[in-house]
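> Below you will find the structure I want to go over with you.
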Amino acid sequence: MRLPGLIDPHVHLREPGATHKEDWDTGTAAALAGGFTLVLAMPNTQPPVADRATLDRATALAAPKAHCDYAQFLGAGPDNAAEAAACAADAAGLKLYLDQTYGPLRLDEMSLWKAHFAAWPQDRPLVAHAEGRTLAAAILMSALTDRPLHLAHVATREEILLIRAAKERGLKITCEVTPHHLFLTEADLSGGWGEVRPRLATQRDVDALWANLDVIDCFATDHAPHTAAEKAGENPPPGFPGLETALPLFLTAVHEGRLTLEDLVARMYTNVRRIFKLPEQPETWVEVDLDATAEITAQTMQTRAAWTPFEGRKVRGVVRQVILRGEAAFEDGRVTAPQGYGRRIR
Ligand code: NCD
Ligand code: ZN
Ligand code: ZN
């Protein structure tokens, strides 16, 4: 079965600054192994990507190392609205961190959000990490400024119902949900292993996400690698690796009749391309075996995180081959596209 090259609009590749967790080499290799041919990298690196100099630095590091195609987000800071907007054409989009999560980028004051909503070009992607009541405030800001807003990793019943209501009102809201919020609850992992933002929720929340699938525009992994030692240690950082488990999990859901292949392609390709205004990748596709079974294990993965919250889970649906711009990029469990094959798409 042939699928389009999948697009993940939300990954953390950790370079510069934390390459012991991941870098442009291992992160984009993990993407290909998971059936993704294009990834949009988040700006909460060290230092964060927030202006022309840090954008140039991150993309200069990516160019010789990336195996798949990519673009880099800018992060919204307290005083970079004009400077970020000046780089809009060269970035995946602008990311606003409106609640506490991993990394130093956070905007608390709503007047600071407003500066970015006003300065960032109307036709360029604007994405917010906003949970619960913050999400309600972000939707209001989008309505007041009459500009599109994409909500990252929606995780709860109250959030998805609010987004449904906003969409029914005609507000310019789109959203994504992660595999871990669709396939795990707070009861599944303990201690540092379960730390992720937004937190894993209840079965009732998970059921509400599935029941409102029509409101979910995209599936995004929020691939957020931290090492096993960090997750097991004191002050475990929040985040799960996800690039290599997303497609097998969703194909399993297709097999179980919870999702159709059309639902999957819409949320992992068509809608992502439209919302983030991404170019077509010519001669690019993924061969999957819908009947093959496998057991998820971090041992065979490309990510440097070297663990997965889905360890031991049985899945049905395996990535056999990835063709990127006419060349085999992943085959027989091996990444065959060399470092530097990936292109910056803007
Ligand atoms: C992310 C990370 O580690 O960068 N962590 C997470 O728990 N999701 C940050 C984020 O996406 O909020
Ligand atoms: Zn986030
Ligand atoms: Zn994230």
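The values are calculated or read from the model by the stated rules, or taken from the named source; none is laboratory data. These numbers come from a predicted model, not from an experiment. So basically every Cβ, Gly included, is an ideal-geometry build from the backbone, and we count neighbours across all protein chains shown. Note: areas computed on protein heavy atoms with side chains; ligands, DNA, RNA excluded. Shrake-Rupley method; radii C 1.70, N 1.55, O 1.52, S 1.80 Å.
> Between their Cα atoms, which of K172/K314; K114/K231; K21/K95 are more than 30 Å away from each other?
Those over the limit are K172/K314; K114/K231.
> Hey, what's the range 23-140 come to in accessible area per residue, 1.4 Å probe, Å²?
That works out to 32 Å² per residue.
> Something else about it: Sorted by accessible area with a 1.4 angstrom probe, largest first, how do T300, T260 fall?
T300, T260
> Here is a further query. Quick check: the distance between the Cα centres of the range 171-229 and the range 114-134, to the nearest angstrom?
For the range 171-229 versus the range 114-134, the Cα centre distance is 21 Å.
> Provide the percentage of antiparallel DSSP beta bridges, counting only those with both residues in the range 2-335; round to the nearest 5.
The antiparallel fraction comes to roughly 45 percent.
> While we're looking at this one, here's another question. Roughly to the nearest percent, how much of the accessible area of the chain is carbon and sulfur, given a 1.4 Å probe?
Using a 1.4 Å probe with all protein chains present, the chain comes out at 49 percent carbon and sulfur.
> Still on this structure: Mind giving me the nanometre distance, one decimal, between the label points for D289 and D188, set 7 Å out from Cα along Cα→Cβ?
Result for the modelled spin labels: 2.5 nm.
> Which value, in debye to the nearest 20, describes the size of the charge dipole of the range 191-346 about its Cα centre when Lys and Arg Cβ atoms bear +1, Asp and Glu Cβ atoms bear -1, and nothing else is charged?
That gives the range 191-346 a dipole magnitude of about 500 debye.
> With every protein chain in place, what's the accessible area of W113 (1.4 Å probe, Å², nearest 10)?
For W113, the solvent-accessible surface is approximately 10 Å².
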